[in-house]
Amino acid sequence: LEGLADSMAGSLTELRLLDSLHPLPYTPAWFNALCGLSSLRSLHLPLAPTHAHLEMLAPLTRLQHLQLCSREARGCVYERLWGGVAGQPPHSPATGQGATDTGVGILAANFPQLRRFNISHVTSSQITTTSAPQLGSRLTQLTHLDLAGCSRVNHDEGLRELAPLVHLQVVDLSQSLNLTDVGLLQLGGATQLKVLRLVGCWKVTFVGVASLWPHLHTLDLSETKAGDEALRDLAASAPALRVLRMFRQWAVTRAGGLEALAAPGAPPLLGLDLSATNLDDAGALVLCSLTSLRYLNISKTHVGDRGCGALAAALRHLRYMRMDRLTRLTDVGVQAMAQAGMPSLRGLRMQHCRNLTEPYLLQLNASLPRLQTMDVQGCWYVGMTTMDALYHNLSNPAYTGKPPGSSGEVTEDEAVAAGPGSSSFPGSRSPLTWPVPLRRCRALWDPPDWVVPEAASDYRDAGDVWA
């Protein structure tokens, strides 16, 4: 490390030291050598933070992204904590010292230039409202703020202290049980906000607040009190909205909310999650107007054959579709989807749809020219061999065996315009010569963090979800 500091002291901007079999010597001399890399803007260390560690890193005044990770039990999963700081479970002495209100104060005092502040779910219960003034008064350059699971924070009062954070672009307040619409109004100064997650904030109705953020792109209102009135407000006041998640929202109805999203002048959505709602065939027919959709999740709803067939025929640009546990879907609906063609579809997940049989699923697979993976796990009448072949795309070649954009291939727009009855529609199949990595296929079902397109490069395994 000393040699690295001598040779690259003024040029190295990012350093990642990952876990190894031999732990790093976290001594004062080692930290002094590390701080010799004064040009660092991003630092990742396999370390559970303590107060002393944070103090010793203070000379790195250019750091914008600090990530401290500790690989522990719990399946060796990395847990994220502040700005990048990831820590051990609460029983760890290191985390007990670092992930407290005092630790947040030390972090804010020593690194006022940080751009990201994240709290892990395993340590968020140790943070209280006392930390809010430290964040609002010192970390004024924050663009990403994650306070998910901080149940001991009075968010209406705490967000009032965070009003100076006018540069925020991504905010996660999920599982904030005390948060109300009054608290959200305190973030009105963050006019550049693009991503907002409010999962489990059961007191939030999100009525009358959408107009505060004209650039809002991604919104997660799962398991909140939002209903039809919130959807009408979004359709009228959120022109930049492209991704909306409404998981387990029983209050959303066809006439009250869905028709507002599908009305002329509503924002053209790219992603929509209505899983575990009361959506039925009539509501699915309303969604057919959302022709810009690329991702749709209708799992655990009341949609049946009629709705699935209509969606397949109308949403010609749909790329990823989840329809797990549709108890009213039968082979009739699968046959209607096969006849529709769905020329843009890359990923299809139909887990635990127990009325479907193998011949019709194979017919559907053969009709989808761009399909990369098809997940039918839990379908009772499908053999394991067929499940594996469909998932790994062993029976579904691409257009001509060439990557998209190469010469001689029908473009997606041409295929959509021509339809399955045209000679330009790719009907002939040849072996796939550019298989998509399986790790990417597994990432298709939930676009990572419902991220805005500009940040998709941060998720290399599924960076083309919104392409």
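So is Gly158 within 28 Å of Arg62 (Cβ to Cβ), buried (at least 19 other Cβ atoms within 10 Å of the Cβ) and free of Cβ contacts under 8 Å to residues at least 60 places away in the same chain or not?
Details: within 28 Å of Arg62 (Cβ to Cβ): no; buried (at least 19 other Cβ atoms within 10 Å of the Cβ): yes; free of Cβ contacts under 8 Å to residues at least 60 places away in the same chain: yes.
Answer is no for this residue.
Selection over the range 27-49 of residues that are in contact with a helix residue (DSSP H, G or I) (Cβ under 6 Å, 6 or more places away or on another chain), within 13 Å of Glu2 (Cα to Cα) and open to solvent by less than 20 Å² (accessible area, probe 1.4 Å) gives a count of 3. Can you report the number of residues in the range 174-192 which are crowded, with 24+ Cβ neighbours inside 10 Å and within 20 Å of the chain's Cα centre (by Cα)? Of the residues in that region, 1 qualify. Kindly indicate whether Arg248 is at negative phi, surrounded by fewer than 21 Cβ atoms within 10 Å (Cβ to Cβ) and among the basic types (Lys, Arg). Here the answer is no, as Arg248 does not meet what is asked.
Identification of helices (runs of 4 or more DSSP H) wholly contained in the range 2-102 with 2 or more residues that are at pLDDT 80 or above yields 28-34, 51-56. Scanning the range 182-214 for residues that are among the basic types (Lys, Arg) and part of a loop (DSSP other than H, G, I, E, B), which turns out nearest to Pro267 (Cα to Cα)? Ranking the candidates gives Lys194 first. When you scan the range 376-389, do you find a residue that is of a type outside the set (Ser, Thr, Tyr), in contact with a Leu (Cβ under 7 Å, 6 or more places away or on another chain) and outside any loop (DSSP other than H, G, I, E, B), even just one? No: zero hits. For the range 300-337, the set of residues classified as open to solvent by less than 10 Å² (accessible area, probe 1.4 Å) and more than 23 Å from the chain's Cα centre (by Cα) consists of Val303, Gly304, Gly307, Cys308, Leu311, Ala312, Leu326, Leu329, Gly333, Val334, Met337, listed by residue number.
I want to confirm something. Restricting to the range 266-276 and keeping residues that are within 20 Å of Ala210 (Cβ to Cβ) and assigned to a loop (DSSP other than H, G, I, E, B), which single residue is nearest to the chain's Cα centre (by Cα)? The selected residue is Leu270. Highlighted here are the strands (runs of 3 or more DSSP E) found entirely within the range 278-360 that include at least 1 residues which are closer than 23 Å to Gly257 by Cα: 295-297, 320-322.
Among the residues of the range 215-244, the ones that are outside any helix (DSSP H, G or I) and closer than 17 Å to Ser275 by Cβ come to 11 in all.
Residue check: is Thr277 buried (at least 21 other Cβ atoms within 10 Å of the Cβ) and polar (S, T, N, Q)?
Numbers: buried (at least 21 other Cβ atoms within 10 Å of the Cβ): yes; polar (S, T, N, Q): yes.
Taking the combined requirement at face value, the residue satisfies it.
The values are calculated or read from the model by the stated rules, or taken from the named source; none is laboratory data. The model shown is predicted, which means the values in this text are computed figures rather than measured ones. Ideal geometry is used to build each Cβ from the backbone, glycine not excepted, and the neighbour counts take in all protein chains shown. Protein only, heavy atoms only, side chains kept; ligands, DNA and RNA dropped before computing areas. Shrake-Rupley method; radii C 1.70, N 1.55, O 1.52, S 1.80 Å.
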